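The values are calculated or read from the model by the stated rules, or taken from the named source; none is laboratory data. Since we're looking at a predicted model, the values are computed, not measured. Neighbour counts run over all protein chains shown; Cβ positions are idealised from the backbone, glycine included.
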Amino acid sequence: MLTFDEIKRAIKSGKLTRATPIAPWAGEPRVFLMCNPLCEAIQSGKASESSKERQKWAALEAAISHFIEGGKITEDQIKQLLPQKYEHWELRSPRPRPSMRVFGRFARPDVFVGTHVKLRSELGGMWSSEFEHEKLVCEQYWEEAELSKPFTDSPGFRYEKYITYNASKKVRIKP
């Protein structure tokens, strides 16, 4: 697990950027950090001449903001990829199609580091060579940001240990 000093050092050196919620008055019970490839992709997408493209990137920013602001999170929004021991995660922005996936890892509980983003249509099926390649790219960007080991809840991999506030792996309806 990364220390707060390591995280501060990566931010200060420009290797990580802290995302902020869309609403300036919103609380921030969670932290979303971005490696440079993700940050650059978002800035480029927001500057697109196509309104459809800008809408897609705005939806991704809304998903990130939802995480930061403490919105209800389930596996439908953020999912741990298999095998769990490598600590790869994806944040999903399903609408508009094609959906987007932000790859990343948890630095600490409630502190997610997004490394890069891909269109789901470019990834093929789960376990495809394209999907597996992006997991390796995630590790590469993590190392380029000079981050040490990601947070893990091994061997249990309990969802609520990664996202401790307002989260559950599945949606539960109480009778």
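The table below lists the values:
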| item | result |
| --- | --- |
| Some residue of segment 4-23 being over 16 Å from the mean Cα position of the chain (by Cα), modelled with pLDDT under 95, closer than 25 Å to R158 by Cα and among the aromatic types (F, W, Y) | yes |
| Any hit, segment 116-134, residues being within 13 Å of the chain's Cα centre (by Cα), closer than 18 Å to L2 by Cβ and in contact (Cβ under 8 Å) with a residue 24 or more places away in the chain | no |
| Within segment 137-166, considering residues that are on the phi > 0 side of the Ramachandran plot and in contact with a strand residue (DSSP E or B) (Cβ under 7 Å, 6 or more places away or on another chain), the one surrounded by the most Cβ atoms within 10 Å (Cβ to Cβ) | F157 |
| Qualifying position, being out of contact with any Cys (no Cβ under 6 Å at 6 or more places or on another chain), in a helix (DSSP H, G or I) and not hydroxyl-bearing (S, T, Y), among G45, G70, G104 | G45 |
| Residue match in segment 5-13 (condition: surrounded by fewer than 20 Cβ atoms within 10 Å (Cβ to Cβ), among the β-branched types (V, I, T) and without any contact (Cβ under 8 Å) to a residue 12 or more places away in the chain) | no |
| Number of the exception - E90 against (1) farther than 16 Å from L2 by Cβ; (2) in contact with an Asp or Glu (Cβ under 6 Å, 6 or more places away or on another chain); (3) part of a strand (DSSP E or B) | (2) |
| G125 being surrounded by fewer than 13 Cβ atoms within 10 Å (Cβ to Cβ) and either at pLDDT 95 or above or assigned to a loop (DSSP other than H, G, I, E, B) (or both) | yes |
